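Accompanying notes for the structure given below.
The values are calculated or read from the model by the stated rules, or taken from the named source; none is laboratory data. This structure is a prediction, so every number in the text was calculated from the model and none was measured. A quick note on method: Cβ atoms are made from the backbone with ideal geometry, for glycine too, and the neighbour counts reach across all protein chains shown.
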Ligand code: F6R
């Protein structure tokens, strides 16, 4: 979603802002803009569409001189993508310029008040209200005006503000939307995401809700919600700028697909000690596990699909009733959770608005929360009772692949740890699963080496109008993910069904040549799924089957095309079955000429409800 960058120092600000915005493009946006202070004025330039339009319009920033500035990529919520609605928003007097991520819920009320005071508005946005309100309160002290305006705002915001009256300072404020301050040499930065500034510095501080940062070229002062200056921890970012670049691959998505062996290995090995799964530094003590009456896994999109895998695994191995609930549904469902409930919160970004709200609701009801998060220092990571990080590194492609795989790996570890504490996993099975877990990276490599086969299947089927996925149990969970991956990047209509549900309606959609992808890696229900395959082939469907190698004989006979994954422990098949489906989606989208890394209408981090 929207991206923010700010710079104050001795260099020309505009090229730094434009570069920072280019690193935030992956988040999804539909317009971009910058404001730079020079000679007593704020010079603001905005352009709808790709960032390149703004780069061209400003001659790569050369037309906008000055050493203090803010920039923004906007993903429209209030008002269409247009130059007027793009950020930065400058107050009518021209004194205050603001960029904003989030939503100001009471903006109409504030707008009415300002209009009644004679303030004239240009845009339809909630953000313009903020610049006008700060200007309304401005009386020679920017910090005072910002504080007074913030006190009136309801909603969520990461706000960054500059003023033509006090050009030696940038003010940043955060509530429910991420914001960092980054420290340079004789200069400082503000950004919604580390990627925007990593080229210049690795030293960052993560702002907390209700904190305000006063950033000057040679100092940063952070104030808490009571207006008291506080010491902020400075963190060194560990990952490299190369991790956020394509490294010779044509798209981030295919690069990230290929990073999965490493990501799975790193994530697993962080929690295996002396051959045993060790989560002793989390809340999962034996006493705690014995007290759990219910587990709820919350997340959105692919994170929810990891939750569906987790639901099957946790119920099977721990016998604790478990549900996977969409965060957007959980938060308004009056959930029945209490101090005997464990809530597993899954999120790559750690900033998904619905997931944050669902987690807060669970905490309010007394439940304990364990988060599986990729982005260090994100809101979910900070607020959960404990965090297990997925060590996927920065994920740039909008469609998740490597973070999803890392989440699956953590889900296995959590399942094994709880089952172990409850005495439900005998030593031999524990050791067998751990042995197979450690072999997963190698087996994923093996699948990746066979990717041409999926490219060939994709070239056969990329013109289909509709593609169905079927599976049972864990294979159903993987079908959900395979279908989402395909539809989000190729724009082909696709649905996933539990194999047994076909006869209850969906089979009427099967026509001669409809492609059905049958995920048949769950050994216990392999024969059942093959019966579903027969039902659709009898109606003329083409079937592409994904199965384990040892079933290649029976699977090949029943279908048009097949892809075989290496055999593994039955708990772990999702990690292997997901890879061919990611590759198939990628190659279909490639054949259709889609914008793979930035699919239309989607944002990487969904920070609004
Ligand atoms: C799909 C995808 C999304 C995210 C969802 C949750 O490829 O990436 O469905 O999984 O928006 O995002 P996070 O994990 O950041 O909470």
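Couple of notes before you dig in:
Residue-by-condition table, conditions (1) in contact (Cβ under 8 Å) with a residue 60 or more places away in the chain; (2) not in a strand (DSSP E or B):
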residue	(1), (2)
5	yes, no
25	yes, yes
62	no, yes
81	no, yes
84	no, yes
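- Some residue of segment 473-483 being over 13 Å from residue 571 (Cα atoms) and more than 16 Å from the ligand (Cβ to nearest atom): yes
- Any hit, segment 500-509, residues being away from the ligand (no atom under 16 Å from the Cβ), under 26 Å from residue 592 (Cβ atoms) and at pLDDT 95 or above: no
- Residue list for segment 342-366, restricted to those being more than 13 Å from the ligand (Cβ to nearest atom) and surrounded by fewer than 22 Cβ atoms within 10 Å (Cβ to Cβ): 360, 361, 363, 364, 365, 366
- Residue within segment 519-535 that is part of a strand (DSSP E or B), surrounded by 17 or more Cβ atoms within 10 Å (Cβ to Cβ) and either touching a strand residue (DSSP E or B) at 6+ places or on another chain (Cβ under 8 Å) or touching a residue at least 40 places away in the same chain (Cβ under 8 Å) (or both) present: yes
- Any hit, segment 415-435, residues being touching a residue at least 12 places away in the same chain (Cβ under 8 Å), within 26 Å of residue 496 (Cβ to Cβ) and crowded, with 24+ Cβ neighbours inside 10 Å: yes
- Helices (runs of 4 or more DSSP H) lying entirely in segment 270-339 (those with 1 or more residues that are in contact with a helix residue (DSSP H, G or I) (Cβ under 7 Å, 6 or more places away or on another chain) and more than 14 Å from the ligand (Cβ to nearest atom)): 286-291, 301-318
- Residues being part of a loop (DSSP other than H, G, I, E, B) and more than 12 Å from the ligand (Cβ to nearest atom) - total across segment 374-408: 7
- The set of residues from segment 164-192 being free of Cβ contacts under 8 Å to residues at least 24 places away in the same chain and not in a strand (DSSP E or B) comprises just one member, 185.
- Contact annotation: residue pairs with Cβ atoms under 7 Å, 6 or more positions apart or on different chains, pairing a residue in segment 397-408 that is touching a residue at least 24 places away in the same chain (Cβ under 8 Å) and closer than 15 Å to residue 478 by Cβ with a partner that is assigned to a helix (DSSP H, G or I) and within 7 Å of the ligand (Cβ to nearest atom), are 400/302; 404/302; 407/303.
- Applying a threshold of 7 Å to beta carbon distances and a minimum spacing of six or more residues, or different chains, the list of pairs starting in segment 487-514 at a residue that is at positive phi and ending at one that is more than 16 Å from the ligand (Cβ to nearest atom) and not in a strand (DSSP E or B) reads 513/540.
- In segment 236-250, the residues that are at pLDDT below 75 form Cβ pairs under 7 Å with partners that are exposed (fewer than 14 other Cβ atoms within 10 Å of the Cβ) and not in a helix (DSSP H, G or I), at six or more places apart or across chains, as follows: 241/199.
- The C-beta contact set for segment 342-353 (first residue touching a residue at least 24 places away in the same chain (Cβ under 8 Å) and more than 19 Å from residue 310 (Cα to Cα), second residue in a strand (DSSP E or B) and near the ligand (Cβ under 7 Å from one of its atoms), distance under 8 angstrom, 6+ apart or interchain) comprises 352/299.
- Some residue of segment 237-258 being touching a strand residue (DSSP E or B) at 6+ places or on another chain (Cβ under 8 Å) and either more than 30 Å from residue 367 (Cα to Cα) or assigned to a loop (DSSP other than H, G, I, E, B) (or both): yes
- Among residues of segment 51-101, those that are surrounded by fewer than 19 Cβ atoms within 10 Å (Cβ to Cβ), within 29 Å of the chain's Cα centre (by Cα) and within 16 Å of residue 20 (Cβ to Cβ), counted: 1
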